[in-house]
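Attaching a single structure in structure tokens format; questions to follow.
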Amino acid sequence: MRVDYLIVGAGVTGATLAERLASAGKRVLVVERRDHIGGNAYDEPDERGVLVHRYGPHIFHTASKKVWDYLSRFTEWRPYYHRVRAVVEGKPIPLPFSLASLRALFSPRLADRLEEKLLARYGYGARVPILRLKEEEDPDLRFLADYVYRQVFEGYTLKQWGLRPEELSPSVTARVPVLVSYDERYFQDPYQAMPKEGYTALFRRMLRHPHIKVLLGADWKEVEGEVRFRRLIFTGPIDEFFGHAHGPLPYRSLRFRLEGHPVPWFQEVGTVNYPNEHPYTRVTEFKHLTGQGYLPHTTLAYEYPEAYEPGRNEPYYPVPREENEALYRRYLEEAKGLKGVYFAGRLGDYRYYNMDQAVARALKLFEEVVRGE
């Protein structure tokens, strides 16, 4: 077989690049080692008919009109605003931590005082990073920062990463905000919705092009000698590509326990976090995400972070530590010496990307690749 591009991986990044290149007249072969397309965004109906995300909840949100317009070619959307609760001292509070969270946890007098100081200092609608709040001279604001850090962030981080917050890159803590508003949506992006028929249907349409062939259940090394290609786009782990020559890059993995219940609804919102109790970090009820409220039963996913072990589970999250970034840069230097080989995606770039960021990265790479021809 002769193609213009061999793309390794049929996830968000690989599917976007395949569609764009095929639409530009290129012949593309996509090789995926799993038995399905869509990567970690893959969804399928369970035995109860609930559309479940096999690799955990994926909520689409973006501030990019370009990304929104591009994906809208392949799906209709169902408007959806994700809402999350965290159980803190036995009380479910809204996340991100907001003025509504103050009211749920503290006495009216203390909540009034904290709200007044937050509004005076930052203004309504501000998203204040927890580290910035910890630097405030006002003792009440420092109390709030310490409380949120300890009760909401610290325990969750230990479970999620197996590391204390101070052992991770400061960028992780910098992303934890206190929201100075009563907006209980988890995201505030202008575009928030779920694909009406699910993510798998979206990716299937993206890859349904006469110039695209998809090979599932195969390692790209198995077909490398049988396929002639001009360029290679690799969306798998960059360290794996180079045979872990400089040592393996650390990833964090997840394990899910699905649980069905013979009731229409089990919890008030899509996801409930447990920062301090239980071995799992969060519980997601998929019907909130999929809009299948008409079903008389429901399905939950309990999420257990765990160490990544090649061959046993999937790499989900690059571990954000300075030494890991330094190791990645060594692989990046190796990559610069290769002609006609490109790395992209969460594993190829060793970056945590939301779905819209993965699409944006793929669209940008497509433009770079085409310009370079």
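The values are calculated or read from the model by the stated rules, or taken from the named source; none is laboratory data. Remember, predicted model here, so these are calculated numbers, not experimental data. Quick reminder, even Gly has a Cβ in these numbers, built from the backbone with ideal geometry, and neighbours come from all protein chains shown.
Any residue at all in the stretch 11-20 that's in contact with a Pro (Cβ under 7 Å, 6 or more places away or on another chain), buried (at least 17 other Cβ atoms within 10 Å of the Cβ), among the basic types (Lys, Arg) and touching a residue at least 40 places away in the same chain (Cβ under 8 Å)?
Initially, the stretch 11-20 is screened for residues in contact with a Pro (Cβ under 7 Å, 6 or more places away or on another chain), giving none.
The answer is no; no qualifying residue exists.
Right, here's the next one. Please go through the stretch 287-296 and give me each residue that is under 26 Å from GLU89 (Cα atoms) and surrounded by fewer than 22 Cβ atoms within 10 Å (Cβ to Cβ), ordered by number. Break it down stepwise before answering.
Of the stretch 287-296, the ones under 26 Å from GLU89 (Cα atoms) are 288.
Matches in the stretch 287-296: none.
For VAL319, state whether it is among the β-branched types (Val, Ile, Thr) and touching a Leu at 6+ places or on another chain (Cβ under 7 Å).
no
Where in the stretch 1-74 are there strands (runs of 3 or more DSSP E), lying wholly inside it, with at least 3 residues that are assigned by TED's automatic domain parsing to the domain that holds HIS211 and of a type in the set (A, V, I, L, M)?
So the answer is 2-8, 28-32.
Among the residues of the stretch 325-342, is there at least one that is within 29 Å of PHE60 (Cβ to Cβ), in a loop (DSSP other than H, G, I, E, B) and either in contact with a strand residue (DSSP E or B) (Cβ under 6 Å, 6 or more places away or on another chain) or not hydroxyl-bearing (Ser, Thr, Tyr) (or both)?
No: the stretch 325-342 contains no residue that is within 29 Å of PHE60 (Cβ to Cβ), in a loop (DSSP other than H, G, I, E, B) and either in contact with a strand residue (DSSP E or B) (Cβ under 6 Å, 6 or more places away or on another chain) or not hydroxyl-bearing (Ser, Thr, Tyr) (or both).
Would it be correct to say that ALA86 is in the same structural domain as LEU118 (by TED's automatic domain parsing) and either within 30 Å of GLU154 (Cα to Cα) or surrounded by fewer than 16 Cβ atoms within 10 Å (Cβ to Cβ) (or both)?
Taking the combined requirement at face value, the residue does not satisfy it.
Considering the stretch 227-279 alone, what residues qualify as being more than 17 Å from the chain's Cα centre (by Cα), closer than 29 Å to GLY348 by Cβ and outside any loop (DSSP other than H, G, I, E, B)?
ARG228, PHE229, ARG230, ARG231, LEU232, ILE233, PHE234, ILE238, ASP239, GLU240, PHE241
Check whether at least one residue in the stretch 253-266 is touching a residue at least 60 places away in the same chain (Cβ under 8 Å), within 17 Å of VAL319 (Cβ to Cβ) and surrounded by 15 or more Cβ atoms within 10 Å (Cβ to Cβ), and report yes or no.
Yes, some residue in the stretch 253-266 is touching a residue at least 60 places away in the same chain (Cβ under 8 Å), within 17 Å of VAL319 (Cβ to Cβ) and surrounded by 15 or more Cβ atoms within 10 Å (Cβ to Cβ).
Still on this structure, please answer the following. For the stretch 238-245, does any single residue satisfy the condition of being touching a helix residue (DSSP H, G or I) at 6+ places or on another chain (Cβ under 7 Å) and under 30 Å from TYR156 (Cβ atoms)?
Looking through the stretch 238-245, at least one residue is touching a helix residue (DSSP H, G or I) at 6+ places or on another chain (Cβ under 7 Å) and under 30 Å from TYR156 (Cβ atoms).
Evaluate the stretch 337-357: report whether one residue or more is surrounded by 15 or more Cβ atoms within 10 Å (Cβ to Cβ), touching a Pro at 6+ places or on another chain (Cβ under 7 Å) and aliphatic (A, V, I, L, M).
The answer is yes; a qualifying residue exists.
Each row is one residue, and each column tells you yes or no for (1) within 14 Å of THR13 (Cβ to Cβ); (2) part of a strand (DSSP E or B); (3) under 19 Å from the mean Cα position of the chain (by Cα).
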position: PRO296; (1), (2), (3): no, no, no
position: GLU309; (1), (2), (3): no, no, no
position: PRO320; (1), (2), (3): no, no, yes
position: ARG351; (1), (2), (3): yes, no, yes
position: GLU373; (1), (2), (3): no, no, no
